[in-house]
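Derivation of every value follows stated rules applied to the coordinates shown; laboratory data play no part. All values reported here derive from a predicted model rather than from experimental measurement. Cβ placement follows ideal geometry from the backbone for every residue including glycine, while neighbour counts extend to all protein chains displayed.
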Amino acid sequence: MSDPLIRVEAIAKRFTGRDGADTTVFEDIHFGVEQGEFVCLIGHSGCGKTTILNILAGLEPASDGYVFVGGREIRGPSLDRAVIFQSHALMPWLTVLGNIAFAVTSRWPEWDKARVRAHCQKYIDLVHLTGAEKKRPAELSGGMKQRVGIARALAIQPKMLLMDEPFSALDALTRGMLQEEALRICAETHQTVFMITHDVDEAILLADKIILMTNGPRARIAEIVANTLPRSRSHDTVHKEPHYYPIRNHLVDFLVTRSKQFESSLSADYDPRHPPLVAPGLTEAAPGTTAAPGRPVEKAVVVSLRH
Amino acid sequence: MKGLQLWGAPLLSVAILLVFLAVWHAATRQESGAQVVDAEYAKLVGAEAATGKKSAFPAPADVGRKLWEHVTDPFYDKGPNDKGIGIQLAFSIARVLSGFLLAALVAIPVGFLIGMSPLVYRAFDPFIQVLKPISPLAWMPLALFTLKDSGVSSIFVIFICSMWPMLINTAFGVASVRREWLNVAKTLEVGHVRKAFRVILPAAAPTIMTGMRISIGIAWLVIVAAEMLVGGTGIGYFVWNEWNNLSIANIISGILAIGLVGMVLDQALARLTKLVTFPE
């Protein structure tokens, strides 16, 4: 296996409380993100998901461990890693065009006005906001604001996209539409994406690889689930795929029960450097990996949280 | 119904004004009779008022006539103690604006630096806390002693009193710029100067402008008192001079002019604030 685009090694985050005692939010986190891969991180709130994303973005230092991008250790934020914030983080005094142009001129300060304008327009068209260029964020709906956030992140042509629950503040219909668009855009641009979510369906629809985190404190990666569904997924058809329910049940099962009991059910050969890679729905797990202990990979019980 | 919504408030305003003028008129109506005040005061205010033929306090019509004189001839200059109200106002406005703009030149950059760094914020805080509650007029003797010029001293007093609201609001506005906007700037690797002018300044602009609006209001309050103290020119001096002349009608005209100019200054800053305010 070639070196992945992003390699996370043994990162941890600790806080010293008022009483001087250390609280470990998470530790011993190892994973990699390959070029062109879409990776989702799922876990309950409090397990430090956003902190991991902030460390990858360079906005927060890790207490321990290293993050390498393209083989080089990161030291702070970079235009190579664009962030899409949960709260869209648009600047309300700028128009849609102004917000995107701010990013574009930060990336290419030497560009003239016409070139910046044309470049922005390309990404405004990509997220289907043509005609709304002169609007201010306050005049846009939540979904449109997040589209601007996506266009702003893509416009600087980053090596990778970091998304912090980008669709969680939206209503279900808008969320579905934006998820499909995210799929389309990622397929068109071959973007490498690392996304945080707590939505199982979103992860199945979008991700190639789903990282499952245990509950904090001292959260860790329990296992990495390979999405066995074909990459050409869509909302209408995804639930008809034969592997859909095994994967979904596996994820829901993890979130509902196993994320809490991980420490007690830890198998002897658990290695945080190589968390088990499972592929629910396939009769055999991916070669060279171990399935979670005491857990059949396939399960027939349908647990439904949504619908 | 729509007419009432549109015209109701202005009509009521006019009605309140008319009632006020009527009460004023009734209270200052001529009364014939014997001397109603003591002899000393009668000498001071003149026989007419003292005998009760006419109250020393002018009727609305008298003030109206005086006002009309001022409005029709605001810029006459008949020596140091008799200048038109327009000239006096111009002196005061010039002092307020120069003191205010000087204060803005100092307070906004300094406030920016203070707001950027929590350490500097804490270091400056005790000084600001001590200096802020000092009545600006308390600086006057010190200013007169060091600057040796009454005009410059009153500008200095305006400078000092406009300083604090702008400084405090700028520091607060800069310190409370939303973290997510700063994070956007960070992930875009925006340099310090560009971040200051393109992110922090527009984000803090409404707070800074609010500080400026408070400042100009205070400056206009203080200039009247400062000019009463140092004399020479200005609307404050005008009012005090007319008190020495015991021309109540002129005093009232001066008070009215102070109110109107203060309103215009405040509204101008309110307009500017609106320009930089963004809807969330």
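Using a cutoff of 8 angstrom between alpha carbon atoms and counting only pairs six or more residues apart, the relative contact order for segment B:85-276 works out to 29 percent.
Here the label points at A:Ala172 and B:Ala268, each 7 Å from Cα along the C-beta direction, are separated by 5.8 nm in the simple model. Close amide H contacts of A:Ile29 (hydrogens built in the peptide plane, cut-off under 5 Å, sequence separation of 5 or more or a different chain): A:Ala10, A:Ile11. Applying the Karplus relation 6.51 cos²θ - 1.76 cosθ + 1.60 with θ = phi - 60° to segment A:163-172 yields 3J(HN,Hα) values of 10, 9, 6, x, 10, 6, 8, 9, 6, 4 Hz, where x marks Gly and Pro. Among the lysines, which have Cα under 29 Å from the Cα of A:Lys260 when same-chain residues fewer than 8 positions away are ignored? In chain and number order, the partners are A:Lys13, A:Lys49, A:Lys209, A:Lys299.
Give me a single rounded figure for A:88-96: the average over its residues of other chain Cβ atoms within 10 Å of their Cβ. Could the numbers behind the result be given before it?
Numbers: counts 2, 8, 3, 10, 8, 12, 4, 0, 0.
Partner Cβ neighbours, averaged per residue: 5.
For a quick check, take a GNM of chain B with Cα springs below 10 Å and name the residue from B:Leu201, B:Leu119, B:Leu131 with the largest mean-square fluctuation. Evaluated over chain B, the most mobile residue of the options is B:Leu119.
In this structure the amide hydrogen of A:Leu41, modeled in the peptide plane, comes within under 5 Å of the amide hydrogens of A:Met195, A:Ile196, A:Thr197, A:Ile211, none closer than 5 places in sequence on its chain. Which lysines, on any chain, are close to B:Lys195 with Cα under 20 Å apart, when same-chain ones fewer than 8 places away are left out? Counting by Cα, and skipping residues close in sequence, B:Lys195 has these lysines nearby: A:Lys113, B:Lys186. In sequence order, segment B:2-14 has phi-based couplings of 5, x, 5, 4, 7, 9, x, 5, x, 4, 5, 4, 4 Hz under the Karplus curve 6.51 cos²θ - 1.76 cosθ + 1.60, θ = phi - 60°, and Gly or Pro positions carry x.
The string of couplings for segment B:255-270 from the Karplus curve (6.51, -1.76, 1.60, θ = phi - 60°) is 4, 4, 4, 4, x, 5, 5, x, 5, 4, 4, 4, 5, 4, 5, 5 Hz, one whole number per residue in order, with x for Gly and Pro.
Peptides B:121-127, B:243-249 ordered by packing proxy, namely the average of other Cβ atoms within 10 Å per residue, highest first: B:243-249, B:121-127.
Counting only helical runs of four or more DSSP H residues, what would the 222 nm mean residue ellipticity of chain A come to if each run contributes -39,500 (n - 2.57) and the total is spread over all its residues? Don't skip to the end; give the middle numbers.
Working: 7 runs with 84 residues, N = 307.
After summing the helix terms and dividing by the residues of chain A, the value is -8500 deg cm²/dmol.
Of B:Ile16, B:Ile108, B:Ile155, the sequence from fewest to most neighbouring Cβ atoms within 10 angstrom is B:Ile16, B:Ile108, B:Ile155. Between B:Ser92, B:Ser153, B:Ser13, the Gaussian network model of chain B with springs among Cα atoms under 10 angstrom shows the greatest mean-square fluctuation at B:Ser13.
Across chain A, the relative contact order, built from alpha-carbon pairs under 8 Å that are at least six residues apart, equals 21 percent. In the protein assembly as shown, what % of DSSP beta bridges are antiparallel (nearest 5)? Beta bridges within the protein assembly as shown, antiparallel portion: roughly 50 percent. Springs between alpha-carbon atoms under 10 Å, Gaussian network over chain B: tell me which of B:Ala185, B:Ala257, B:Ala175 tops the mean-square fluctuations. Ranking B:Ala185, B:Ala257, B:Ala175 by mean-square fluctuation puts B:Ala185 first. DSSP bridge analysis restricted to segment A:149-260 gives an antiparallel fraction near 50%, rounded to the nearest 5. Distant-in-sequence amide contacts of A:Glu223, defined by a placed amide H-H separation under 5 Å and a gap of 5 or more residues or a different chain, comprise A:Leu212. The relative contact order of segment A:40-182 comes to 31 percent, based on Cα pairs under 8 Å that sit 6 or more residues apart.
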